[in-house]
1. Can you tell me which residues in the stretch 241-263 are assigned to a strand (DSSP E or B), more than 13 Å from LEU201 (Cα to Cα) and touching a Gly at 6+ places or on another chain (Cβ under 7 Å)?
2. Being closer than 21 Å to GLN87 by Cα, out of contact with any Leu (no Cβ under 6 Å at 6 or more places or on another chain), buried (at least 16 other Cβ atoms within 10 Å of the Cβ) and in contact (Cβ under 8 Å) with a residue 12 or more places away in the chain is the requirement here; does GLY63 meet it?
3. Give the residues of the stretch 39-48 that are surrounded by fewer than 16 Cβ atoms within 10 Å (Cβ to Cβ) and either closer than 10 Å to VAL66 by Cβ or without any contact (Cβ under 8 Å) to a residue 12 or more places away in the chain (or both), sorted by residue number.
4. What helices (runs of 4 or more DSSP H) completely inside the stretch 1-116 contain at least 2 residues that are within 30 Å of ARG140 (Cβ to Cβ)?
5. Only one of SER240, SER245 is surrounded by fewer than 22 Cβ atoms within 10 Å (Cβ to Cβ) and either within 23 Å of LEU174 (Cα to Cα) or not small (Gly, Ala, Ser) (or both). Can you tell me which?
6. Restricting attention to the stretch 20-38, report how many residues are surrounded by 11 or more Cβ atoms within 10 Å (Cβ to Cβ), of a type outside the set (Asp, Glu) and without any contact (Cβ under 8 Å) to a residue 40 or more places away in the chain.
7. Can you spot a residue in the stretch 138-145 that is buried (at least 23 other Cβ atoms within 10 Å of the Cβ), touching a Pro at 6+ places or on another chain (Cβ under 9 Å) and not assigned by TED's automatic domain parsing to the domain that holds LEU275?
8. If the Cβ limit is 7 Å and pairs must be 6+ apart or interchain, which residue in the stretch 233-248 that is assigned by TED's automatic domain parsing to the domain that holds GLY217 pairs with which residue that is modelled with pLDDT of 95 or more and part of a loop (DSSP other than H, G, I, E, B)?
Amino acid sequence: MKWPAIDFGHTPYEAAFARGDVYGIGADDARARKRALSVAIAGAGGVAQAKWLPAIRYLQTRGEPVTLVAVADPRPETAAKAAMLAQAEPFADVATMLDRARPDLLLVLAADPAHVPIADAAIARGIACLIEKPLARDFREAAALVGRAAQAGVLLASVANKRFSPPYAMAKALVDGGALKAAPTVFTGKFTLGYPYVDLLEGGTVHLLDLVQWFMGPVTRLHARGVHWDDGQPRSVVISFAFASGAIGTLMTSAAGMSFKPWERVEIVGRNAFLIVDDQVETTLYDDETGPAKSWRPAVPNTLMFDEAFGGYAGLLENTLDAVRGVAPLAVPARDGAAAVGLIEAIRRSIAEDRDIDIAAEGLAP
C-alpha cells in the first residue's frame, strides 16, 4: 500500500540534494507570501520556554512570517528571561500587554486557573487565542468560554499537539484512508505518567482523551475506577468508553511508573486489521493474516528534527496561524478542548459515585 505523506521535521529530499539546502532553511516563496502575524505569550514558565518559544523559532527558521512581540508573566525574572530569549518586550500584566502590543494571536500558557480570565481579556479585545491544556478547570467554564468566543467572532483554539505528531498523524491518515477495512470498532490506550509533577488527568491524560475522540468520534458513556494517593488525587485510573458510532474502548492511565518519562500506547481495531502507535515514535499497521506488518518509524536526521516538530508543537502553531490568516481551517477548535475537559469531569464523577456517566444527559458535551 502507499503510505500517507506525513513527514514533519525532515528536510525534503529535493531541497537537500537538488538545491543543497540540507537544513531546510532556504528561501520559501510560499511562506514568504503569507500575511505577517505577531504573537504574544501569557505565562512564560517551563512549557513556554521549552516548547513554544522553540516552535516559534522553528517556524521562523523555516521562513514563516511571524514575530513574537511580547511576553507577560507576574514573576519579573521569568518574564525578563523569556523576553530576552525571544527578543520581545516583557510585561507583568496581561491586559497591559494586550493593549500595548495588540498581537494577532495570544498563546495562553499560564497556570491552569488563569486560562479563562486571560482568554476573556483577549476575546474582549478581539484577539485570537491558542490555549494550553486543559482549556479550563471545569466543563461549565470551558463551555462558557467557547460560547463567548463564538458570540464575539474571535478564533479560539485548544492545544492538542499530538494530533500533529507524525506517528499519530500517520495513524489518523491510515484510519481515514480505510486501512482498517472498516470504521474503527475498538480503541485501547495506555498512558503512564510516572512521578506526578502534573495532575494525572488534567496535565497528562488529557492528551489521550483528545486522541480518543479524534480517532473514534464523540464518547456517549463512560465508566471509570481509580486508585488514589493519600491526598485523594487519582494515582491510577481505568476507563471504559462507549462511542456514538457504536464502537467501544478502554484507557489505562497511571502516575505510578517511571519518573519524568511518560509512556503511551494506542491501539485501534477495525475489521481484520488494527494499528498501533507505540510511545509516540512508531506506527505499525497489521492488515494481512499471512503477510508482514507494515511499520513506519522515522529516521531522525541531523537537521531540524527536534521536539517542536516531532512533538507536534510547530505543526499546531502553523495551523493556528494560518487559521488566523483565514487560509486554513482550524484543526483544534476550543470546542474539542472543552470536550476533553468534559471527559475529565465525567471520569471524576464516575470514580466518586461508581456509576456509568451519560455524557450528554449530564451536560458534559460541548
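1. Correct list: PHE241, PHE243, TRP263.
2. So GLY63 passes the test.
3. Initially, the stretch 39-48 is screened for residues surrounded by fewer than 16 Cβ atoms within 10 Å (Cβ to Cβ), giving 45-46.
Within the stretch 39-48, GLY46 is the sole residue that qualifies.
4. 94-101
5. SER245
6. The qualifying residues number 4.
7. Taking the stretch 138-145 as the starting set, the residues that turn out to be buried (at least 23 other Cβ atoms within 10 Å of the Cβ) are 139, 142, 145.
Adding the requirement that they be touching a Pro at 6+ places or on another chain (Cβ under 9 Å) leaves 139, 142.
Pick out the ones that are also not assigned by TED's automatic domain parsing to the domain that holds LEU275 and you get 139, 142.
Yes - at least one qualifying residue is present in the stretch 138-145.
8. PHE243/GLY217; PHE243/PRO218; ALA244/GLY217; ALA244/PRO218; SER245/ALA183; SER245/GLY217; ALA247/PRO184; ALA247/THR185
The values are calculated or read from the model by the stated rules, or taken from the named source; none is laboratory data. Note that the structure is predicted; figures quoted are calculated from it, not measured. Cβ: placed from backbone, ideal geometry, glycine included. Neighbour counts: every protein chain shown.
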